[in-house]
Amino acid sequence: MTTREVWRYANWALSTDTSGSGPIYVTECTSCGESSGAADDREGPETWCLKHAGGTGHTGFRSVITSFFRASLVEGPR
């Protein structure tokens, strides 16, 4: 009995997923680890940084932006 393999290749593309929410923004203090919490825009987390700096004297922050993508097959010659 012989084994036969069939290989099939496909082209995939990555695009921004617009079916759900847009990007999610969070900022974190690099001194104490406190976080702004998630927001749908930058303004809230950036304002949190300024208030946190004013209240604590901490000046370093990390911005984390989560974007969503979707992979799909690309039609075309094979």
Practice problem: Specify the angular offset, from 0 to 90 degrees and rounded to the nearest 10, of the alpha carbon long axis of helix 43-56 from the longest principal axis of the alpha carbons in the chain. | Solution: 40
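For the chain, what percent of Cα pairs sit more than 15 Å apart?
Distances greater than 15 Å cover 67 percent of the Cα pairs.
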Quiz item: In debye, nearest 20: dipole of segment 15-72 around its Cα centre with unit charges on the Cβ of K, R (+) and D, E (-)?
Solution: 100
Quiz prompt | the chain, relative contact order [Cα under 8 Å, separation at least 6], % | solution = 42
Practice problem: State the Cα centre-to-centre distance between segment 1-30 and segment 31-77 in whole Å. | Solution: 22
Exercise. Order the following by accessible area, largest value first: His58, His52. Probe radius 1.4 Å; ligands, DNA and RNA are ignored.
Key: His58, His52
Practice problem: Give a quick list of chymotrypsin sites (Phe, Trp or Tyr not before Pro) in segment 5-78 that DSSP marks as loop, anything other than H, G, I, E or B, with at most 12 other Cβ atoms within 10 Å. | Solution: Trp7, Tyr9
Quiz prompt | Label point distance in nm, Asp17-Glu34, each placed 7 Å from Cα along Cα→Cβ | solution = 3.2
Quiz item: What does the charge add up to near Ala13, with Lys and Arg as +1, Asp and Glu as -1, over the other residues with Cβ less than 14 Å from its Cβ?
Solution: -1
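Would you calculate, for the chain, the mean residue ellipticity at 222 nm contributed by helices, counting each DSSP H stretch of 4 or more residues as -39,500 (n - 2.57) and dividing by all residues, to the nearest 500?
Computed mean residue ellipticity for the chain: -6000 deg cm²/dmol.
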Exercise. For Cys49, tell me the accessible area in Å² from a 1.4 Å probe, rounded to the nearest 10.
Key: 20
Quiz item: Once you list every other residue whose beta carbon is under 14 Å from the beta carbon of Thr56, what net charge do they have if Lys and Arg are +1 and Asp and Glu are -1?
Solution: -1
Quiz item: GNM, the chain, Cα, under 10 Å: largest mean-square fluctuation among Ala53, Ala13, Ala38?
Solution: Ala13
Self-check item: Probe 1.4 Å, protein heavy atoms only - accessible area per residue of the chain in square angstrom
Solution: 83
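Can you send over the carbon and sulfur percentage of the accessible area for the chain, probe radius 1.4 Å, protein chains only?
Ligands and nucleic acids excluded, carbon and sulfur give 52 percent.
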Self-check item: Leading residue at positive end of dipole, the chain (Cβ point charges), from His52, Ser63, Ser15
Solution: Ser15
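The values are calculated or read from the model by the stated rules, or taken from the named source; none is laboratory data. It should be emphasised that the depicted structure is a prediction, and the values quoted were computed from it without experimental measurement. All Cβ positions, glycine included, derive from the backbone under ideal geometry; neighbour counts span all protein chains shown. Protein only, heavy atoms only, side chains kept; ligands, DNA and RNA dropped before computing areas. Shrake-Rupley method; radii C 1.70, N 1.55, O 1.52, S 1.80 Å.
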